[in-house]
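One structure is given below, encoded as structure tokens.
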Amino acid sequence: MLSHLAVAAFFALPLTQAVLTGRPALTPDHDHAPVSKRLPSAWYQPDDHHVHSLFKRQSATDGVTYATVGSQEWLNAYPPGLPDTSQMPKEWVDALNAAVAAGKIPDIPQSRNTADQDPTYPDGLDPTSPKVCSGTYQCQIPGDIWDAPEGYLGCGFDDGPLPTSDKLYQFLQQNNQHATHFFIGTNILENPKEFVMAFQTLQDDIAVHTWTHPYMTTLSNLDIVAQFGWTMELIHNSTGGRLPKFWRPPYGDTDVRVKAIAHEIFGMTTILWNQDTDDWSLDQKGGTSMDKINTSMTKWLTGPKNPGLIILEHELSDQAVAAFMSAYPVMKSNGWNVVSSAQLSGAAPYQNSPSSNGPVTPAKGVIVGDFTSSTAPSSTTVTSTASPSSTSHSTSTKGTKSSKTGSAVALQIGVSSSWMLTGIVGAVVLAVVTLFA
Ligand SMILES: *[C@@H]1O[C@H](CO)[C@@H](O)[C@H](O)[C@H]1NC(C)=O
Ligand SMILES: *[C@@H]1O[C@H](CO)[C@@H](O)[C@H](O)[C@H]1NC(C)=O
């Protein structure tokens, strides 16, 4: 009902957008040019001139002109909250239909959950069976990453970017430490400054933590595509055309169906973790404490080096950031190789670029899977057993792992765009669902 106007306005968005790219290549030693070479009448600007901040650390791009991160055009181009699947690009729906037709997406039912509960599956389906293999129940799907190589510690943070990220980013920069940021799409929209800091200044790796932080296994195939698609598109269009290679499921909640959509359609690999600080609950009643985190961190960091560590940490609160900053010297003094989680395999953090400043191979779109050679009938359609408004509204804060952000955060975004109406309706739906859940 609400969608037609919004759809029309969305597709009418101006294609000519502010200039982010197209900067000339720099000499690599630009910042280190000896002062003695500077003549009084030199044509160039002094090193403290503000123009240098525009060119310094500029990342390579795919040559396409994208809307400037943080601009109104940029903000208006994306759903401010829970995505309406009737408004997503047709290519995404086609790719899903083709993947299903090709037998690439396991046909298992959606899980269900009510607040405070781990998702469960209908018909007595065992979540730990290979048929389902739910991450919530610690079932490890082959190909998913849970452990680091011996002696390595995967450095990564969930749920940013947020205002609390600032302190973390200063710390990472001071320590010349790279990390992977598993970003929530709607948090990127809300905190463009922190996003640019992470990607452009730190040149850290950007990965996907979904659009609104739902329990992914509770969603329909279409809703899963929307959660991945919008986050991929936003990261792609805000990083000079890079396609993230990794994603992390909120609450660790994935299964063979969710994994297949991430991998077959979007080309992503899942990164989980093998130790959990519970740092998301630091500011919660009955949550963990700095002392408890110190104790478990000390145990892990002074313990065996094989397998290596992937510790679940968040850039969600000052305390969570402080817990990492406290543990960091202990990681180093115990001889851990601390590397960005997305680089644990030694491969690139992006599907079409080796790094946040390396060359970018242009991608046709965020859909990576190619099912055009599929022999399955093209008339096959996807069965979506849940409408977008009836899923993924859990705002549970008591999950055994991961955080409390998500749709509630998403709906706080102030937007003056065609998406406003969608956001308001979404908020009302959320309120109603929450009331009657
Ligand atoms: C992302 O960038 C592409 C150009 O590569 C453009 O066609 C598309 O409209 C952009 N998406 C959004 C949501 O702005
Ligand atoms: C734990 O706290 C002690 C005392 O403040 C500190 O010396 C130590 O580095 C901390 N360890 C970790 C892992 O944070």
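The values are calculated or read from the model by the stated rules, or taken from the named source; none is laboratory data. Quantities reported herein were computed from a predicted structural model and do not represent experimental measurements. No Cβ is skipped: glycine too gets one built from the backbone with ideal geometry, and neighbour counts run over all protein chains shown.
Is it the case that region 292-311 has a residue that's at pLDDT 95 or above, more than 9 Å from ligand 2 (Cβ to nearest atom) and in contact with a Pro (Cβ under 7 Å, 6 or more places away or on another chain)?
Yes: one or more hits.
Listed here are the residues, each with its yes/no results for (1) more than 30 Å from ALA101 (Cα to Cα); (2) basic (Lys, Arg); (3) assigned to a loop (DSSP other than H, G, I, E, B).
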position	(1), (2), (3)
GLY303	yes, no, yes
ALA322	yes, no, no
MET325	yes, no, no
ALA342	yes, no, no
ALA348	yes, no, yes
ASN357	yes, no, yes
PRO362	no, no, yes
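Quick check on ASP166: is it within 23 Å of PHE199 (Cβ to Cβ) and of a type in the set (D, E, K, R)?
Against the criterion (within 23 Å of PHE199 (Cβ to Cβ) and of a type in the set (D, E, K, R)), ASP166 qualifies.
Could you give every pair whose Cβ atoms fall below 9 Å, whose first residue belongs to region 88-106 and is over 20 Å from VAL132 (Cα atoms) and free of Cβ contacts under 8 Å to residues at least 12 places away in the same chain, and whose second residue is crowded, with 19+ Cβ neighbours inside 10 Å and of a type in the set (A, V, I, L, M), counting only separations of at least 6 or pairs across chains?
Cβ pairs passing all conditions: ASP94/ILE367.
Could you please give the count of residues in region 268-284 that are of a type in the set (A, V, I, L, M, F, W, C) and over 13 Å from PHE157 (Cβ atoms)?
Of the residues in that region, 3 qualify.
Restricting to region 323-346, name every residue that is touching a residue at least 60 places away in the same chain (Cβ under 8 Å) and over 20 Å from ASN176 (Cβ atoms).
The answer is SER345, and nothing else.
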